[in-house]
Structure formats: structure tokens, C-alpha cells
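To start, the structure itself, in C-alpha cells.
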Amino acid sequence: MSAIVEQIAICIERGKVKRDAPYPPDLKDQDGAGELTRRALEDGIPPGTVLAGGLIAGMSRVGRKYSEGKAFVPDLLMAAKAMKAAMVHLKPYFDSGETHHRGTVVIGTVQGDLHDIGKNLVAMMLEGGGFKVIDLGVDVPAGKFVQAVQEYPGCAVGLSALLTTTMVNMEGIIKAIREVCPATIVLVGGAPVNGGFAQKISATAYAPDPQTALDYLNAT
Ligand code: B1M
């Protein structure tokens, strides 16, 4: 792994957003996740490498520390802020520039859940793959998904959840969608979700990562 990609991972893990950010004090006056990501891409490091080896690796480290009681919610918030600063530079590399969309995907993080980094990555990759993405954001109730599937006939729906307490809300959302549009393809994903759960709640498919989601939609 190149040094700059490792530096990006450290900035995400430590919540160093940009050069002039005062936090964390020991990284003062050093480039942050935003500047380093821009530089890595300008240097020709593949976007996929920056994403996996820098952004996702850094976020996994802080997540592990949180599980071990060595990091706390403010650390997660700073890491999320650094991740977003880096994603701004990555997004154009995943934009396909295609004018004809392959289809429309309505995506959102389910009710009760505020985690949006994974959902944003999926949205970015789907857009890059030529899909029109309608992002409903976070904490999205069933009614908003229902409204969107009526507004975009024939669309597919992507549901994301990061909490064991919110993944259960997927079932009600799927039921509500199918009541108005029975044939709607509903993809589910997020760290606590798996294939067995997807089947149990009658989702069309489970995607463990953005590429699988894109491959699935391309194949349908
Ligand atoms: Co929270 N959080 N968090 N958190 N957080 C987790 C999820 C947790 C596992 C941490 C832990 O305990 N180790 C834990 C959940 C435990 C559980 O339910 N089993 C947890 C908790 C408990 C909480 C709070 C309850 C903490 C508290 O307040 N006491 C609280 C809940 C708030 C709420 O939602 N109501 C909370 C809050 C937060 C922050 C706001 C501080 C922040 C989120 C900021 C944001 O998203 N804007 C945060 C963060 C950053 C995390 C961790 C550290 C990182 C999540 C992340 O972004 N990962 C996380 C621990 C961890 O994952 N290691 C944790 C990186 C991202 C790229 O991965 O989201 O999994 P992920 O997405 C992947 C795949 O899952 C997949 O593709 C993505 C790319 O590969 N994917 C899909 C996701 N959605 C998909 C949809 C698809 C297909 C694939 O199709 C539609």
C-alpha cells in the first residue's frame, strides 16, 4: 500500500478533515483527508485503491476501536466528517457522464438510522454505473419510499441499515412498497444485513457491497 493511501487511512481514523482544521492537535498544519485524497488521485492512484485502502480501511479501524471502548461517538463523527471531505474528490471518478440512464434507483437509510456513509458509496457507484439515483437521505420512513416509487414508476429501491435495531424496519418498508407497486425490485444492504435476513423479509436481493448492488441491477 502506498504511503499516501496509508496517510489517508490515518486521517479518516483520527478525524483529520483538512489542513487548516485544528483537530486533532498533534496533526496540526498537516494535510487532511481532503487534500491527501485529491493528491493521491492526481498522482494516478486508482480511485478503487484510494477508496478501499484509505477511506474504508480508516473507517474500519475507528469502528474497531469504538467496539473495544477505545474510541467514542465524537471520534466517529470526526471520522465521518473526514470521510465526507475525501469522498468529494472521489465522486467525479465514479461519475459515468452517461446521458442515457439505465434506470432509476431510489435509495435511503431506513427509519431510525442516521448512518449514511455506506449508502452514499452505493449511490455514488450506481450513478457511476449509469443509473439515475434518487437519494432520500437518512431516517427515511416507509411513506417516503412509497411516495418515491409512485413518482418514479419502474424504479428499483435500495435500503441501507447499519443497526440491528433498525434493520428490522426494512420489512415494513418492503411491505408498504409492495402494496402499491408489487413488482418493485428491493435491494438491501448494510453491515448487519445478510442473505438469510434479506430472504426472510422478502427483499429481492442482498448486496454486501456497492459493486454487487451495481452488478445485480445491471443484470436485471
Ligand atoms: Co455508529 N454504529 N452508531 N455511528 N457506527 C456502528 C454501525 C456500530 C457497528 C459500532 C460498534 O458498536 N462497533 C454500532 C452498531 C451496533 C449494532 O447495531 N449491532 C453503532 C452504534 C451502536 C451507533 C449509535 C447507537 C451510537 C450511540 O449513539 N451510542 C448511534 C446510532 C445513531 C442512529 O443511527 N440512530 C451511532 C452513530 C454513529 C455516528 C453518527 C457517530 C457515525 C455515522 C456518521 C454517518 O454515517 N454520517 C457512526 C459511525 C461512523 C459508525 C461506524 C464506526 C462506521 C460506519 C461506516 O460508515 N462504515 C460503525 C462501525 C463499523 O462499521 N465498523 C458504527 C463505513 C461504510 C463504508 O461501511 O456503512 O457498512 P458500511 O457500508 C458498506 C456495506 O455495509 C455496504 O456497502 C458499503 C461499502 O462497502 N452497504 C450496502 C451499506 N448499505 C448498503 C446498501 C446496499 C448495498 C450495500 O444496497 C441498497
Handout entry: Residue that is hydrophobic (A, V, I, L, M, F, W, C) and part of a helix (DSSP H, G or I), where the choices are 21, 52
Key = 52
Exercise for the section: Could you tell me whether residue 38 is part of a helix (DSSP H, G or I), among the charged types (D, E, K, R) and more than 12 Å from the ligand (Cβ to nearest atom)? Expected result: yes
Completion exercise
Reported set for the stretch 1-12 where residues are farther than 16 Å from residue 88 by Cβ and at pLDDT 95 or above is 3, 4, 5, 6, 7, 9, 10
Fill in the blank from the handout: Output for Cβ contacts, cut-off 9 Å, separation at least six or different chains, first residue of a type in the set (Phe, Trp, Tyr) in the stretch 52-70, second surrounded by 17 or more Cβ atoms within 10 Å (Cβ to Cβ) and at pLDDT 90 or above, reads 66/75
Exercise for the section: Examine the stretch 87-102 for a residue that is touching a residue at least 60 places away in the same chain (Cβ under 8 Å), in contact with a strand residue (DSSP E or B) (Cβ under 9 Å, 6 or more places away or on another chain) and not in a helix (DSSP H, G or I), and state whether such a residue exists. Expected result: yes
Practice task
Could you tell me which of the residues 26, 75 is over 22 Å from residue 120 (Cβ atoms) and either under 18 Å from the mean Cα position of the chain (by Cα) or in a helix (DSSP H, G or I) (or both)?
Solution key: 26
Exercise for the section: Output the number of residues of the stretch 153-168 satisfying the condition of being without any contact (Cβ under 8 Å) to a residue 60 or more places away in the chain, over 13 Å from residue 190 (Cα atoms) and surrounded by 17 or more Cβ atoms within 10 Å (Cβ to Cβ). Expected result: 2
Exercise for the section: Evaluate the stretch 37-51: report whether one residue or more is basic (Lys, Arg) and over 15 Å from the mean Cα position of the chain (by Cα). Expected result: yes
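The values are calculated or read from the model by the stated rules, or taken from the named source; none is laboratory data. Being a predicted model, the structure only gives us computed values, none of them experimental. Ideal geometry is used to build each Cβ from the backbone, glycine not excepted, and the neighbour counts take in all protein chains shown.
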